[in-house]
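**Student:** Dumping the structure here so I can ask a few things about it.
Laboratory data are not the source of any read-out in this text; all were calculated from the coordinates shown. Computed from a prediction, not measured in an experiment: that's the story for all the values here. In this analysis, Cβ positions are derived from the backbone assuming ideal geometry, glycine residues included, and neighbour counts consider all displayed protein chains.
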Amino acid sequence: MKRIIVTCLLLWPFWASAELGAPPLESPGNDVYDTESLRRGAKLYVERCLGCHSLKHMRYRRLQQDLGFSEEEIKQLFPQLERIVGTMTTAMDPKDAERWFGVAAPDLSERARALGTDWIYTYLRTFYVDEARPFGVNNWVFKDVAMPHVFGDLQGEQKAVTQDTGGMPVIVRLEQSKPGKLPPLEFDRTVADLVNFLDYAAEPAQLERRSLGKWVLLFLLIFGFVSYKLKKAYWKDIH
C-alpha cells in the first residue's frame with residue numbers, strides 16, 4: 001500500500017499536467033559535441049536572446065576556444081567588446097526589464113539546467129496567438145508568460161485548438177495559421193541548435209568532464225584488473 005501511495009504521489013504532477021492540457025515535451029536530440037550545431041546556436045543566441053538574457057557561466061574566451069571562433073568572428077558577434085574578457089552579460093537594466101515585461105529576464109545559464117532541454121525546446125516552439133496578452137502571444141508550456149515570441153518571424157503564427165473539458169477549454173494542439181520565413185522542419189532544427197548551445201553554456205566544463213570521465217573509467221578498469229591479479233598472487237600460498 002505504501003508503494004502504491006508513493007507511486008501515485010510521484011505520478012501526480014504528470015496527471016495534473018495532462019488534465020490541464022499541458023503539451024508532451026519533445027526532445028531536441030542534443031549533442032554537445034556537435035561543434036557546428038553549437039556555433040549556429042551561439043550566433044542565434046547572440047542575435048535573438050542576449051539582448052535580454054545573460055549567460056553568466058559562459059566566458060567569451062571559453063566560447064571562442066571551445067567552438068573554434070576566430071578573433072574576427074568573435075569581434076563580429078560582439079562588436080561592443082574592446083577585449084575578449086568577461087562573461088556573456090546583457091546590457092539591459094533589470095529595472096527596465098521589470099518595467100517593460102513585468103519581470104527581470106532570467107539568466108539562461110541556470111534555467112537551462114533547472115528546466116531541462118526538452119522543456120526549453122518545446123517551450124520555444126509552442127507560442128500561439130493570444131490578443132489578450134500584452135505582446136499578442138501566449139505559450140502552451142508556460143501560460144501567460146511575459147516573454148514575447150522572439151522567433152515569430154521565423155516560425156510564423158500558430159493558433160490554439162481547444163476542446164471543452166469539464167466546462168473549461170483546454171488546448172489539444174497548435175495549428176500554423178501564418179507561415180514564417182523558415183519551413184517548420186528547418187525552424188525546429190534552428191531551435192534545436194539554440195537549445196544545444198544552451199545545454200553546453202549551462203555547464204561549459206562538461207566537454208572536458210565527459211572526455212576526462214572516459215579515461216577515469218578506463219583507469220579504474222585497469223586498476224581493478226591489476227588489483228585482482230595481485231590479490232590472487234598474494235593469497236594463493238595462504239589457503
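**Student:** Just add up the charged neighbours of Phe69: K/R +1, D/E -1, any other residue whose Cβ is under 13 Å from the Cβ of Phe69.
**Tutor:** Neighbourhood net charge equals +2.
**Student:** Could you run the Karplus curve 6.51 cos²θ - 1.76 cosθ + 1.60 with θ = phi - 60° over the stretch 122-129 and give me ³J(HN,Hα) per residue in whole Hz, x for Gly and Pro?
**Tutor:** Result, rounded to whole Hz: 5, 4, 5, 9, 10, 7, 9, 5.
**Student:** Between Arg173 and residues 5 or more places away or on another chain, which pairs have amide H atoms under 5 Å apart, with H built 1.01 Å from N, and which residues are they?
**Tutor:** So Arg173 has HN proximity to Val161.
**Student:** Compute the signed sum of charges (Lys and Arg +1, Asp and Glu -1) over the other residues within less than 12 Å, Cβ to Cβ, of Arg113. Intermediate results must be reported in sequence, preceding the final value.
**Tutor:** Details: positive: Arg111; negative: Asp107, Glu110, Asp199, Glu203.
Taking every other residue near Arg113 into account, the sum is -3.
**Student:** On a full-extension model of 0.36 nm per residue, what is the gain between Asp130 and Leu81, subtracting their alpha-carbon distance, rounded to one decimal in nm?
**Tutor:** Numbers: separation 49, 0.36 × 49 = 17.64 nm, distance 3.84 nm.
In short, 13.8 nm is gained.
**Student:** Within the stretch 49-150, which trypsin sites (Lys or Arg not before Pro) sit in a loop by DSSP and count at most 10 neighbouring Cβ atoms inside 10 Å? Write down the numbers at each step before the final one.
**Tutor:** Details: sites: Lys56, Arg59, Arg61, Arg62, Lys75, Arg83, Lys95, Arg99, Arg111, Arg113, Arg125, Lys143; in loops: Arg83, Arg125, Lys143.
Qualifying residues, ordered by number: Arg83.
**Student:** Okay, next question. Which ³J(HN,Hα) values, rounded to whole Hz and listed in residue order, are derived for the stretch 25-30 from phi using the Karplus coefficients 6.51, -1.76 and 1.60 in 6.51 cos²θ - 1.76 cosθ + 1.60 with θ = phi - 60°, glycine and proline given as x?
**Tutor:** 6, 10, 8, x, x, 4
**Student:** Here's another thing I want to ask about it. According to the square roots a ≥ b ≥ c of the eigenvalues of the Cα gyration tensor, what is the shape class of the stretch 126-172, taking rounded for a/c under 1.5, prolate for a/b larger than b/c otherwise, and oblate for the remainder? Numbers along the way, then the final one.
**Tutor:** On the way: a/c = 2.47, a/b = 1.82, b/c = 1.36.
Judged from the Cα gyration tensor, the stretch 126-172 comes out prolate (a/c at least 1.5, a/b above b/c).
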